[in-house]
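The values are calculated or read from the model by the stated rules, or taken from the named source; none is laboratory data. These numbers were taken from a predicted model, which means no experiment stands behind them. Backbone-built Cβ (ideal geometry, glycine too); neighbour counts: all protein chains shown. Heads up: the accessible areas ignore ligands, DNA and RNA and are worked out on the full protein's heavy atoms, side chains in. Shrake-Rupley method; radii C 1.70, N 1.55, O 1.52, S 1.80 Å.
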Amino acid sequence: DPPAGQTQDKTESGSKQTTNIVAKLSQFADDHITIVRNISTGLAVAGLIILARSIKLVTKFGAASEIPVKFIEKNVSLRGKFHHVTENGIGVEHIPISVPVISRLVRQRPSNALLLIRLAGVELTEEGKTWLKHQLEPSEFLWFKLIGRQNDILDCLVSVNRGGVFSMSLNEEILRQGLGRTVPIDSLAHQYRLHWKVHRRLLRAEGKAEKKGKGLWKQQNLRERISAYLNDYKMLRLWKKLLKRIW
């Protein structure tokens, strides 16, 4: 073992080195005080930006107008609780994600503040509305992907969990059962690529119902066939206009 004197010398030497490092850092901070302040300010601003974004994520939205434009542009998916079927779709209570500390800082809205959600690209029949009432339980959780906004109504792709990892798209299932028909999404009038991407899947689901003669695609009498033909003709003209703009 080294003598006690040598051990003491090493300890004192280590302490001096630590003191020198601290002193040099302090001297650097004094000599470059502006840089240090700018770094501190930058970190504080970054922290505020992160906090602001986090608050947006945990904020409970009670109206379509409260949802940031960026959320819709990026087609953000939000979680909600089903309340009732409306004339154009469903009334949903937004359930924001929970973030420790930040969630407690945000004042939440009462549960009666509902978002009006329209199933994007789908025109519901009366049978379709009845089907929704039977399919969705009160306060059942669902996810709605923001596609567009028109006044107080949100156009969304809505999905519900049906056990395990399986989820069902309400937009597609209604068309697959022949309980609605595809229609243009007015809020996507100027976003042709996204419009076509969404409709391609919906048209595929509608095609299955038509092939199997389900719902509104079952055998029609002459009057119904004429009415359906006229509706299809109007739809064809709308599609032609959209395709001309795309190409």
Single residue of segment 178-198 satisfying the filter (charged (D, E, K, R) and surrounded by fewer than 16 Cβ atoms within 10 Å (Cβ to Cβ)) that is farthest from ALA120 (Cα to Cα): ARG193
Residues (loosely packed, with under 13 Cβ neighbours inside 10 Å and closer than 12 Å to ILE117 by Cα) located in segment 149-177: ASN151, ASP152
Residues of segment 61-92 that turn out to be assigned to a strand (DSSP E or B) and either open to solvent by 30 Å² or more (accessible area, probe 1.4 Å) or touching a residue at least 40 places away in the same chain (Cβ under 8 Å) (or both), as a count: 12
Count - residues of segment 134-148 that are assigned to a loop (DSSP other than H, G, I, E, B) and open to solvent by 40 Å² or more (accessible area, probe 1.4 Å): 3
Odd one out for ARG204, checked against (1) exposed (fewer than 15 other Cβ atoms within 10 Å of the Cβ); (2) modelled with pLDDT of 80 or more; (3) within 19 Å of the chain's Cα centre (by Cα): (3)
In segment 112-124, residue farthest from TRP196 (Cα to Cα) [restricted to those that are part of a loop (DSSP other than H, G, I, E, B) and out of contact with any Lys or Arg (no Cβ under 8 Å at 6 or more places or on another chain)]: ASN112
Every pair of residues 6+ apart whose Cβ atoms lie under 8 Å, when the first sits in segment 124-135 and is among the hydrophobic types (A, V, I, L, M, F, W, C) while the second is open to solvent by 60 Å² or more (accessible area, probe 1.4 Å) and assigned to a strand (DSSP E or B): none
